[in-house]
Amino acid sequence: MALPDLDDLIAEVDRRCDTATRPDGQEKSDWPALLAVATQVAGELQGLADALVEEYVEHCRRHGSSWTDIGAALGVTRQAAQQRFQVPHKRYGPETMTDDLQQAMVHVKHAAVQHRNNYIGTEHLLWGLTAQDNSATRLLQAAGVSPETVHRSVGTELSPGASQAAERIAWTPYSRKAIAIAQARSEHNGSDHIDCDDLLIGLTQVGRGVAANVLTEAGFDPAALDSTAARTRSTQHGCVH
């Protein structure tokens, strides 16, 4: 596979930009508009590049590489590598989560340890979110999807591993993206705490991974999810006297 060169990227910017040339037909280009699109394309490339590196860091961790080895491969210190790729463990502590999500995360960690997995994938997150009643299960019900069915289905996707070091469990790239989306959504809604429905939406908006596949097979429509969540929260708030 040939990587795109600069000319390819410039052509993509021109293709995406509706105002690449002035509407009066003059040759003068709308350079600020082109710059905005170029920034968007660069951001997408950076996100893809980050995901590529994260994927191989995760493989290194699963196969026993130390953070010192990983840091050396990345050209950074052990501490810098840990800070970059162990973000969920440090940034998303109990103080950032609702009580319901903290309880769900207990189930998430239990699933990983029980199956001797040294990673937390989207399947572990979805299994924990559907282990008991919370805003995520209520959101699924509002969308016409059985949380119990989802829980059983994702449970079949949990594969036994060979890890014996629970403290070395790391989050996969898709899981990190899901929790980051969840945090952004909770902040957008004016909350200081991430809730279960925020993380469920994060899993669907990532669009890839075991959780997204299970939800799709269960008949869950990611496109309608956020509007369903808004209606659900509005109804709950309307019941407060």
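The values are calculated or read from the model by the stated rules, or taken from the named source; none is laboratory data. What you see is a predicted model, and the numbers here were worked out from it, not measured in a lab. Methodologically, a virtual Cβ is constructed for each residue, glycine included, from the backbone with ideal geometry; neighbour enumeration extends over all protein chains shown. All accessible areas refer to the heavy atoms of the entire protein, side chains included, with ligands and DNA or RNA removed. Shrake-Rupley method; radii C 1.70, N 1.55, O 1.52, S 1.80 Å.
Figures for the structure shown
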{"read-out": "Rounded to the nearest 20 debye, dipole of region 32-78 from Cβ charges on Lys, Arg, Asp, Glu", "value": "160"}
{"read-out": "In sequence order, calculated HN-Hα J values of region 106-111 (Karplus, 6.51, -1.76, 1.60; Hz; x Gly/Pro)", "value": "4, 5, 4, 5, 4, 4"}
{"read-out": "Protein accessible area in region 115-186, 1.4 Å probe - carbon and sulfur %", "value": "49"}
{"read-out": "Neighbour net charge for Gly155 - beta-carbon separation under 12 angstrom, K R +1, D E -1", "value": "-2"}
{"read-out": "Under 5 Å, built H, 5+ apart or other chain: amide partners of Ile194", "value": "Met97, Thr98"}
{"read-out": "Accessible area (Å², per residue) of region 77-148, counting only protein heavy atoms and a probe of 1.4 Å", "value": "45"}
{"read-out": "Amide hydrogen neighbours beyond the local backbone of Tyr119, cut-off 5 Å, H modeled", "value": "Ala170"}
